[in-house]
Each structure stands twice: as structure tokens, then as C-alpha cells.
Amino acid sequence: MKKDKKNRVFISYSYYDKEYGEKITNALRYKGIEVFIDLDPINTGSYFFKRLQYLFESSDTVLILISKKFNDSTLTHKESEDLFNFAKKRKISIIPVQIENCNIPDSLQNYQTINISKNFEKGIDSIIRKLEILPDIDFDKFSPSEFINFVHDLLGEIGFKNLIWSYSDHYDFGYDLMGTYWNKDPFGLRTRETWLIEIKFYRSDRFSINSIIELFNLYYSNKDPNTKVLLVTNSILTSTAEEYLNDIKTKKNFPVTILDGNALKKLVLKRKSIINKYFRK
């Protein structure tokens, strides 16, 4: 890993998996990666959660070792959600690492898991490749026009079709892109969805509730029950905006999806062509 890249790695694991944690730590340090682990055997109660929160905050990336013992640990579901939300707000990357055949917790289902249970060396190589690219994925380095083009290409890679710019020199429809996406219902039947896509790029301001209100008004003025709304931003949702979003989705049946900076980074990590085009210059 290049010396000028800031990526301090913390390894979180069940204390019963201490030997495996040290093995991974030594393998990564051998490759020149700055790694630290928590060897404190106290793993219960509020002290444990506060200590983990501090260790998360001190990191750029957190590797979470998933095992049967980890799944049986005293960390509750709510505490896990709180911890991962805490990491999300501080733009801390999370990489689940499966060290044995076991279930992946619900709180980590949306992350790309690296399985090293069958081939340790190959798994370590996968971790290193991800750690090398993470510091390069910085949306704040884009210009507004570069970010818009990046989002267009990323949505195309995901599977959106017929992506059309909605504005011209004479008129703005209130959103940036309109596209279609073919989805499958639980019975395998394909359904066609229409998506209105708004792209928000921020230099210093954070995402605001006003953007959600604008999209809500746009959706109901469209009058198409099969239409969905997507907002893509390089910013991170504030707690207030997230609460408002969940409230309006539930009470108003508002079919909106928001991809903020953290969600975008997860998607980019799965797509080599996007990485090579926009982050390997």
C-alpha cells in the first residue's frame, strides 16, 4: 500500500477469535498496512460499547471478523445498528470478513463480505486490494459535472436502461435523469420500473430536508403510481434528515431511495470498470 494513503485499519472480533484476529493483523502488517486491534478481554456492558465506539472513531476502515462466536456475542442487535450508524456518519468504511461457515448478521447484509475461511492467503489478498482502493474513492475531488457523469455511468453499470437527461436549454423538469429498471418479483416475473433521478453535489454543505421535500412534491406531481424516485449525493445524511425521510416514506408511502456518499462507496467497490475510469487516474 502506498505510504501517502491514509487508511488506519481496526480489526473488531469476538475475543474467542483472538488468535485469528492476530493472524490477520500480522498478515496485513507484513504488507505495510497500519493495523490495530483491541486485546481487552472485557467484552460486556456499556464499557465495551463505548470502547468500541472510540476505536471505530479512531479508524478509517474497520474489519469485522464474522464467526459463530461473534454472532453469539453479547453485543445486541440495537447496539450493532448504533455502532454501524456511528461509523457511517463519520465516513468510516466497514469490511465484514467471514472467518468460518456461519450466518452474516442482518446489520452487515448490505456490505460486501470477504470470505477467508476456505483460502486464507487469497482472502488476505482481497482485503488488501480493497484497502488500497478505499482512500482513492473520494467524491469530493469531483467537479459538479464530473460527479453527474460518474453517477450516470454507475447507474448504467447497475442495470438502469434508457437513462435520459431531463433538462435542456429551455426547460428543467425538476430532476436530472429519468431511467428504467427491470426488476423481479418474488415469483421471478420481471416488472418495469420508471425512476426519476436527482443528483446533488455538495462542496461543504450537508444534505438537507429541503431536498427530500422537493423530491416528494416532484413525485406527486408526476401522477404515475409505477414511478420511483432516486436521490444521489456525495454528502452524508444528517440524523434529522434520515428521521424525516423514514417518516415520510412510512406515512406518505413515498417510494424514494437515497444513495449518499457511504452507499455510493459500497457500490463503487463492486465495479472494477467504474474504479478504473474515475478513481485510477
Take the conditions more than 19 Å from the chain's Cα centre (by Cα) and surrounded by 15 or more Cβ atoms within 10 Å (Cβ to Cβ) and apply them to L134. Does it pass?
no
Given the conditions (1) at pLDDT 80 or above; (2) β-branched (V, I, T); (3) in contact with a Ser or Thr (Cβ under 9 Å, 6 or more places away or on another chain), every one holds for I124 apart from (3)
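From the list L108, L155, L83, exactly one residue is under 19 Å from the mean Cα position of the chain (by Cα), of a type in the set (A, V, I, L, M) and in the same structural domain as V229 (by TED's automatic domain parsing). Which is it? I'd like the intermediate steps shown before the answer.
Numbers: L108 fails: in the same structural domain as V229 (by TED's automatic domain parsing); L83 fails: in the same structural domain as V229 (by TED's automatic domain parsing).
Only one candidate qualifies: L155.
Out of L108, L55, L83, L65, I need the residue that is touching a residue at least 40 places away in the same chain (Cβ under 8 Å) and buried (at least 20 other Cβ atoms within 10 Å of the Cβ). Which one? Talk me through it step by step, then tell me what you get.
Working: L108 fails: buried (at least 20 other Cβ atoms within 10 Å of the Cβ); L55 fails: buried (at least 20 other Cβ atoms within 10 Å of the Cβ); L83 fails: touching a residue at least 40 places away in the same chain (Cβ under 8 Å).
Answer to the check: L65.
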Apart from one, (1) at pLDDT 80 or above; (2) not in a strand (DSSP E or B) all hold for K228; the odd one out is (2)
Tell me yes or no: at least one residue of region 144-157 is modelled with pLDDT under 85, under 30 Å from R192 (Cα atoms) and crowded, with 16+ Cβ neighbours inside 10 Å.
no
Meets criteria (touching a strand residue (DSSP E or B) at 6+ places or on another chain (Cβ under 7 Å), more than 30 Å from I133 (Cα to Cα), exposed (fewer than 15 other Cβ atoms within 10 Å of the Cβ) and at pLDDT 85 or above) for K184
yes
So if I check each of D72, D82, D106, D138, which one is over 24 Å from R51 (Cβ atoms) and of a type in the set (D, E)?
D138
Scanning region 35-78 residue by residue, those of a type in the set (D, E, K, R), modelled with pLDDT of 90 or more and not in a helix (DSSP H, G or I) turn out to be none
Out of region 187-227, which residues are under 20 Å from L163 (Cα atoms), loosely packed, with under 12 Cβ neighbours inside 10 Å and touching a residue at least 12 places away in the same chain (Cβ under 8 Å)?
R192, D224, N226
Tell me whether region 256-279 contains one or more residues that are at pLDDT below 85, outside any strand (DSSP E or B) and either under 17 Å from the mean Cα position of the chain (by Cα) or farther than 24 Å from W165 by Cβ (or both).
no
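The values are calculated or read from the model by the stated rules, or taken from the named source; none is laboratory data. From a predicted model like this one, the values you see are computed outputs, not experimental measurements. Positions of Cβ are backbone-derived with ideal geometry, glycine not excepted, and every protein chain shown enters the neighbour counts.
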